[in-house]
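Each remark here refers to the structure printed beneath this line.
The values are calculated or read from the model by the stated rules, or taken from the named source; none is laboratory data. Computed from a predicted model, the values in this text were never measured in an experiment. Neighbour counts run over all protein chains shown; Cβ positions are idealised from the backbone, glycine included. Surface accessibility is based on the protein's heavy atoms, side chains included, excluding ligands, DNA and RNA. Shrake-Rupley method; radii C 1.70, N 1.55, O 1.52, S 1.80 Å.
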Amino acid sequence: MTSYEKLARILRADKDTVLSAEKVLTELVGHNDVIDKIIAENEKIVQEKLVKLGCSNNSRASEVYGSLLKRIEEDDKNLFVKLGHPICLTPEGCQPLLDAAQKISNVGKGFFLKEDKARELLMHTPPQNIIKNLGYQDVGQLLEKENLYEIFCGLRFMEDANWLNDVFFKQYENLTPDDFEEREIKTIVLGTKWEEVAEKFLKKKYHNISHLKELGVVFVLPAVLGINGETLRTLALVLHYLHEISFYSKLFRKYSAGRNFATRLVSSLRGDVVDERSPGIDTGERWLLVQRYLAKDDPNDWRLFEPHVNPEALHWKKAENNISDLGKEIDAGLDLSFWKDLSFIGDFYPTETGVEILVSFNLVDTVMSLVQKNMLTKYLYHHQEALWNKIFFDFIGEAETEELILRNFEKGYIDLKNEAYLSEIYEKRNKA
């Protein structure tokens with residue numbers, strides 16, 4: 001099997017699609033044999049990890065998968081101890097984990113909605129469900145007694161989705177750059193008063209962490225899920241959201257310097273993804289920007305099989321490498337380095353019936369699989385999206401890819417043959 005066939009098999013894509021994408025990128029920015037090198041790197045890392053897991057090339061898929069789950073479970077227990085037994089039922093109980101996430105993410109300040117403007121939005125369009133559920137008479141009393149950020153977090157799970165999108169968020173269409181300011185990203189745990197009303201959100205999301213891009217907040221709902229992998233998954237999600245908020249903050253800053261700030265802001269918060277086969281997509285001349293994990297809703301969505309980059313996978317890669325370096329930052333006795341740079345790593349192994357299936361070595365896929373172990377759910381899509389990113393990274397560069405995503409976010413695709421920034425990259429490399 002050639003490298004192209006192997007890569008296409010992992011991606012569930014057409015071999016000719018992979019060949020065409022490599023050809024276009026090679027013509028534009030140089031580099032040779034990128035696909036061969038990616039497959040060689042994958043095989044080398046897989047071999048190293050199999051040895052550490054006590055497995056071999058002849059192991060069955062269940063052995064490799066089981067060993068990965070065992071490793072992540074052991075690492076989760078060790079992390080729980082080293083962080084001082086964090087339990088995210090109260091702000092105090094979760095603080096050690098949040099402090100560790102803030103320290104290792106190193107995301108810095110962002111460009112977020114001012115607190116005064118946020119209060120104004122609530123005063124203009126009061127959240128009646130929150131007011132009623134928390135026992136207040138009006139929005140003035142709510143704002144006087146409750147934390148502003150907690151109220152905004154509560155909007156996501158206490159108010160009707162139609163009201164939220166058609167009424168409250170409609171106000172965002174009038175926002176200006178002057179309504180935003182530079183400040184630190186916040187991580188908060190909501191008080192126990194939100195625990196009961198957040199139950200529906202937990203059932204829908206299957207986790208108790210979310211975020212507000214426009215306010216620069218990662219929030220944790222008070223809950224103890226009592227599942228294996230809970231500490232590591234919570235840390236991974238918090239880190240992912242920190243990096244995602246930082247990314248969107250860069251977008252907001254970019255939009256603030258141009259026209260139609262509010263329109264562009266609202267579009268970015270909606271998470272629009274191009275859903276039309278425009279010319280150049282199937283040839284690799286245009287790479288889609290897929291800013292959601294489409295496979296969660298439809299594993300056969302056509303966009304998953306065409307050349308694309310995924311900002312979500314970029315944020316996860318940063319979070320995964322933060323976790324693998326955690327021991328250096330908080331406790332020398334904590335070694336999570338096994339998971340370093342495994343975002344795109346995976347291979348095929350036979351089942352008991354002889355059918356080969358893909359096993360992902362991706363940290364997030366593994367910890368999510370551990371969490372859902374009782375439901376026999378196995379995750380692969382983080383790994384596959386990371387692999388599409390890996391192809392683009394190895395041609396363009398990781399930092400350069402993020403810049404290209406920011407420049408082309410509104411369009412929903414990168415038009416390689418008409419992208420001036422690629423010429424800049426090519427010229428710099430030639431001079432170097």
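For segment 79-89, a residue qualifies if it is touching a residue at least 24 places away in the same chain (Cβ under 8 Å) and open to solvent by 50 Å² or more (accessible area, probe 1.4 Å), and the qualifying residues are F80, K82, I87, L89. If only residues of segment 296-325 that are part of a loop (DSSP other than H, G, I, E, B) and free of Cβ contacts under 8 Å to residues at least 40 places away in the same chain are counted, the one that is surrounded by the most Cβ atoms within 10 Å (Cβ to Cβ) is D301. Here the condition is being over 30 Å from L422 (Cα atoms) and under 16 Å from the mean Cα position of the chain (by Cα); of V218, V290, V224, V273, it holds for V218 alone. Cβ separations smaller than 7 Å between residues 6+ apart or across chains give the following pairs from segment 266-287 residues that are assigned to a helix (DSSP H, G or I) to residues that are surrounded by fewer than 17 Cβ atoms within 10 Å (Cβ to Cβ) and modelled with pLDDT of 85 or more: V266/Y172; V266/E173; S267/E410. Against the list (1) in a loop (DSSP other than H, G, I, E, B); (2) over 20 Å from V81 (Cα atoms); (3) open to solvent by 10 Å² or more (accessible area, probe 1.4 Å); (4) touching a residue at least 24 places away in the same chain (Cβ under 8 Å), the condition R292 fails is (4).
Quick check, is S246 open to solvent by less than 10 Å² (accessible area, probe 1.4 Å), polar (S, T, N, Q), out of contact with any His (no Cβ under 8 Å at 6 or more places or on another chain) and in a helix (DSSP H, G or I)?
Here the answer is no, as S246 does not meet what is asked.
So is V64 within 27 Å of Y349 (Cβ to Cβ), surrounded by 18 or more Cβ atoms within 10 Å (Cβ to Cβ) and of a type in the set (V, I, T) or not? Yes; evaluated as a whole, the condition is true for this residue. Taking segment 260-277 as the range and being within 13 Å of N174 (Cα to Cα) and either open to solvent by 50 Å² or more (accessible area, probe 1.4 Å) or aromatic (F, W, Y) (or both) as the test, the residues that pass are N260, F261, T263. Output the residue which, of all residues in segment 16-58 that are within 26 Å of D282 (Cα to Cα) and part of a loop (DSSP other than H, G, I, E, B), is least open to solvent (accessible area, probe 1.4 Å). Within segment 16-58, the match that is least open to solvent (accessible area, probe 1.4 Å) is G30. Is it the case that segment 157-180 has a residue that's part of a loop (DSSP other than H, G, I, E, B) and touching a residue at least 60 places away in the same chain (Cβ under 8 Å)? Yes, there is a match, as at least one residue in segment 157-180 is part of a loop (DSSP other than H, G, I, E, B) and touching a residue at least 60 places away in the same chain (Cβ under 8 Å). Can you say whether N78 is assigned to a helix (DSSP H, G or I) and of a type in the set (S, T, N, Q), as far as the supplied structure shows? Criteria met by N78.
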